[in-house]
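Structure first, commentary second.
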Amino acid sequence: MNTRTLSPEDYWRAVVSRKWLVISAILVSLSIAGAVCALMPKIYQSATKMWFEGAKIEESIVSGPNPAGMGYAPSLDDRVMEVRQFVMGRKTLGQIAGEFGLFGYEKDRPDGAESENAVRAMRGSIKVEPTKDKLFITLSFSNEDPIIARDVTSRLSDLFIEETLKDRERGVEAAEDFLGLELKHAKSELEAKEKIISEFKQLHLGELPQQIDANLRKLDRLQEDMRSQTEQSQGLASRLVQIDKSIKDYEETGEIGSDSPIGGASKRNKDPRLGRIKDLERRLVELSSMYKETYPDLVQVKEEIRKLKEMTSAQYRDLLPESDEVDEPIATKKSKRRAIDPYHAELLKQREDIVLELDAVKRRQAHISSEIAQYERRVEHTPEREQKLKTLERDYENLQKNYQSLLDKKLSAGMQKSLAQGRKGAKFSIVDPAYTPVVPVVPNIPIIMAAGLVLGCALGFGGAVGLELMGRGFRSAEEVEVTLGLPVIASIPLYESAFGGSMQTVRALSGKSRASALLLPGSTQKGVEDPVAGSLTAATVRSRGQNGQLHNPTPGLELVSMWRPLSFVAEQYRVAATRLELMTGDRKSTAIVVTSAVMGEGKSSTALNLGYVLAKDLDRRTIVIDCDLKRPMQHIYAGVWQHPGLVEVLRGTKAVEDCVQRLGESGPWILPAGAVGDNPLALSKMHQLADLITDLKEKFDYVIIDAPPVLPLADMQVLASMGDLLAYVVKASMTGRDVVQKALKAIGDTANVGIILNGLDAHTTPYYMQQEYYREAHHEQLK
C-alpha cells in the first residue's frame, strides 16, 4: 500500500547530506551559551541545614493523642512552613537588611519605598525547602558577595531558633492556664452526668437492659405456673360437678349413680362395701395423678380403703341405718339416713374440700396474672430504657475521655514548661552551619551549556529534516500542474481509505466473497464469444500447478476497483480512464504506457486498476501487459500465474493465445511477464514487443503496458515510443520533485503525457475525496 511516512533511513540520509549545517548550528549554539555564562553576573548562595529534634509534648497539649495513642508529630512540611513564615516576615527581613545594609534598606525610614524594595529583594534571595531525603530543612541566602551570603544565612538561623524558644515558653504557659479551666469545667459536667445516670437506674429498677434476661425467665415461670393452676382448676371443677351429682342421686334414691366417682351402679340389696371400695379406688387414681403421696386427701383415701377391706359385710351394714316402718314418710327416712350415714357425710366433706381448694386456686391465678402483667410491662419498657441509658452512658464516656485527655494534657503542659524553662525541650538544631560559597549558582554553567547543545542539535537536525521535507514530492494536483506544466488526469487517495483501515477483515473476505467473481484457472470459457478477439476466447485460459491440479488464485488487495468499486479510490480510477479515453481522440485502438520515475510509486497497481475500469465499467476490450521484466508484479496483483507469459511469447516458445489469462468474466485480459529468471530479456527483442503490441491493438480497444521505471533502467526509453499515451505515476509527498523532472526530461516528448498523482493521504486529500461514493450502497456491499 502507499504511504508518505519517512523511514529512519530517510532521516539519516537527510542529516548526513547536510552534516555541515548540523555541525554549524551546534557550534553557534554552544558559543552563544558560553558567552551568556561569561557575561551574566555571578550570584553565590550559602545554606545551612536545620533539624527539629527533642520532645513532642507541646504539640500534644492542644491536639491530643492520635488514634495510635502517640503524641502529635508535625510533618516536615509543617516545619518548613513554620521556618518560612518567620524568615519571610517583614520584621525579620528588615532587621537583617538593616544590620548588613543590604539592597539600600533605610533604618530610619522602614516604611519608605527603598526599604520596601529591599524587603522584596530579600524575599527573592531567601529559600526554605526540605532536603531530598526529607530529613532536614535547608535555609539559604543568595548574594553577589559570598561572605555576606554566609553571614546572613547564619544570622537568619540564629534568630529563628531564639524566637522559637520564646514562642514555646509563651505557648506552654497559655496552654497550661487554658487546660486548668477546661479541666475544672469537665469535672463538674462528669459529676452531674454520674448523678443523672444513678437517678435513672433507681427510677427504672427492674426495667434496665441488664435485667431483661431475669425478667424473661421469671415471666416464663409465671406462665408455666398459670398453666398448671388452670389445669388444676379445671380438674377441681370437674370433680365438684361429679360430687354434686352423686350427692343428689344418693339423697333422692339412696343409690349411687353410674357416673359417680365412687363407683359403678350398686344397689342396696347387694354388698355396699364393694361399691364404696371401687369408688375410693377411682378417687385414689385421680389424686395420685395430681398430688404427691403425702397429700392429706390421698392419705385419707388410702386409709379408708384399708379399713373397708378389713371389715366384713355385716360390720359395714351395721354402720348403715336400720329400715323404718313401711308407713313412715320417705322424707323422715332420708333425714334419718343422712343423720347417721357416714357415706353421705364423706361426700359432703369432699365437696367442701374441693370448694375451698378451688377458691385457693383462683386466688393463686389472680396473683400470678398480676405478676405476669407487671413483668410484661417491664419487658415492654426495657428497649426504651436501654436507648435512654445508652445515650446517658455514651455522653458519660465522652465526658470521661475528655476529662482524661485534659488531665493528660495538663500533666504534659507542666512537663513542657519545666523543659522549656531549662532549655531542654524540643527545638531546632543546626546540623550543617552556613559556609562560604566558592562556586556561583548563577549562572548555572552546566545547565546553560547543555541547553545550548540541545538547542543546537534541535536547530541542526530540524533544519536538515525540514529542508529534506521541503524538497520532497508533490502534495496536490495544483502543485504538479504548476511545477511540471502537465495535466493531472487523476488524484488517487491511499488505498487504506477504501478499506476503512481494516485490512485483516479484507484479507479474510478476499478468499470467500470474491472467489465467484473470478474465472477458475484451468477451465475453459464455454459460451463466451468475442467477435473481435475470437481466437483468444476460443483458447484455453488456464493455469495449472506442478502436479497438474487446478488452482484458484485470488486477486490482491491492490485491485481496489474490484474489491471496493464504490469507494472514492475506484471512482478516481474511473475518472482517469475517462480522461485517457478523451485523450485518445479518434484512434480506433490505443496503447497506454504506465510508468513512474522510480520503483515503489504504484505504477503496476495503477495499470491494473485502469485496465479493470476500462474493461468492467467502460466495456472496452482491454489487455494489460506486464513489461516490467526486472520486477514483475501483475501476476501477484491480478491473481494469475506468472508463466507462461511475455518472455515465452517473445522467445517464440509459446503463442500469445496460450499465455493470456482473463480476470473474471468481464475483466481485462492479463499477459504476465513470464519466466524472467536471472537472465533478463535483451533489448534486441524489443522490436518483437512492438510487433506484438501492434497485433494486440487490432484485437483490443486498449493495450495497457506496465513499463519499468524511467530512471534506473534503460528499457523505458524504448517502451515510451511504443505507446500512444503515457500515464506518468507520481507518488504524493514522497518522490522528489527533482527526480520527477529528471525522469520526464529523460522521456523527451511530453505532448501525450498525463500525470496520475498517487497515494494522497487524509492530510492532503480534499474533504470531498475523503467521503465514500454512494455511502449507503457501500455499506450494503460491506454487509
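The values are calculated or read from the model by the stated rules, or taken from the named source; none is laboratory data. For clarity, every value in this text was computed on a predicted model and none was experimentally measured. Positions of Cβ are generated from backbone atoms using ideal geometry, with glycine treated the same way; all protein chains shown enter the neighbour counts. Heavy atoms of the whole protein, side chains included, go into the accessibility calculation; ligands, DNA and RNA do not. Shrake-Rupley method; radii C 1.70, N 1.55, O 1.52, S 1.80 Å.
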As an exercise: evaluate Met583 against (1) open to solvent by 10 Å² or more (accessible area, probe 1.4 Å); (2) in contact with a Ser or Thr (Cβ under 8 Å, 6 or more places away or on another chain) and give the number of the one condition it does not meet. (2)
If you scan segment 636-649, which residues turn out to be open to solvent by 10 Å² or more (accessible area, probe 1.4 Å) and not in a loop (DSSP other than H, G, I, E, B)? Ile636, Tyr637, Glu648, Val649
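This table checks each residue for (1) in a strand (DSSP E or B); (2) surrounded by fewer than 16 Cβ atoms within 10 Å (Cβ to Cβ); (3) modelled with pLDDT of 70 or more.
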{"site": "Gly473", "(1), (2), (3)": "no, no, yes"}
{"site": "Ile492", "(1), (2), (3)": "yes, no, yes"}
{"site": "Thr505", "(1), (2), (3)": "no, yes, no"}
{"site": "Ser513", "(1), (2), (3)": "no, yes, no"}
{"site": "Ser516", "(1), (2), (3)": "no, yes, no"}
{"site": "Asp530", "(1), (2), (3)": "no, yes, no"}
{"site": "Thr537", "(1), (2), (3)": "no, no, no"}
Can you tell me which residue within segment 706-723, out of those that are small (Gly, Ala, Ser) and open to solvent by 10 Å² or more (accessible area, probe 1.4 Å), is modelled with the lowest pLDDT? Ala714
Are any residues in segment 616-635 outside any loop (DSSP other than H, G, I, E, B), open to solvent by 10 Å² or more (accessible area, probe 1.4 Å) and over 14 Å from Gly674 (Cβ atoms), and if so, which ones? Lys616
Pick from segment 31-55 the residues that are within 49 Å of the chain's Cα centre (by Cα) and crowded, with 17+ Cβ neighbours inside 10 Å: which of them is modelled with the lowest pLDDT? Ala55
Test of understanding: among Ser63, Ser17, which residue is at pLDDT below 80, in contact with a helix residue (DSSP H, G or I) (Cβ under 8 Å, 6 or more places away or on another chain) and loosely packed, with under 14 Cβ neighbours inside 10 Å? Ser17
Within segment 335-369, take every residue that is of a type in the set (S, T, N, Q) and modelled with pLDDT of 75 or more and give me the one that is farthest from Glu251 (Cα to Cα). Ser369
Cβ-Cβ under 9 Å pairs, at least 6 apart or on other chains, segment 272-287 side farther than 11 Å from Ile305 by Cα, far side part of a helix (DSSP H, G or I) and not acidic (Asp, Glu): Pro272/Ser313; Pro272/Tyr316; Pro272/Arg317; Pro272/Tyr343; Glu286/Gly235; Glu286/Arg239; Leu287/Leu298; Leu287/Val301
With Asp244, Asp177, Asp249, Asp225 as the choices, which residue is modelled with pLDDT under 90 and touching a Gly at 6+ places or on another chain (Cβ under 6 Å)? Asp249
Residues satisfying the stated conditions in segment 724-752, i.e. charged (D, E, K, R) and at pLDDT below 85: Arg737, Asp738, Asp749
Here, helices (runs of 4 or more DSSP H) confined to segment 264-325 with at least 2 residues that are at pLDDT 70 or above and surrounded by 14 or more Cβ atoms within 10 Å (Cβ to Cβ) are 272-290, 296-310
Go through segment 18-46 and count every residue that is outside any helix (DSSP H, G or I) and either in contact with a Cys (Cβ under 6 Å, 6 or more places away or on another chain) or under 24 Å from Pro437 (Cβ atoms) (or both). 7
What are the residues in segment 144-196 that are open to solvent by less than 80 Å² (accessible area, probe 1.4 Å), within 23 Å of Lys49 (Cβ to Cβ), part of a helix (DSSP H, G or I) and of a type in the set (D, E, K, R), if any? Arg150, Asp151, Arg155, Asp158, Glu163, Asp167, Arg168
Those residues of segment 724-750 which are closer than 16 Å to Ala607 by Cβ, open to solvent by 20 Å² or more (accessible area, probe 1.4 Å) and not acidic (Asp, Glu), in sequence order: Lys731
If you check every pair at least six apart or on different chains, which have Cβ atoms under 8 Å apart with a residue in segment 345-359 that is under 12 Å from Arg239 (Cβ atoms) first and a residue that is surrounded by fewer than 16 Cβ atoms within 10 Å (Cβ to Cβ) and at pLDDT 85 or above second? Leu358/Ala237
Does Gln400 satisfy being modelled with pLDDT of 80 or more and surrounded by 13 or more Cβ atoms within 10 Å (Cβ to Cβ)? yes
Residues of segment 109-130 that turn out to be surrounded by fewer than 15 Cβ atoms within 10 Å (Cβ to Cβ) and assigned to a loop (DSSP other than H, G, I, E, B), as a count: 3
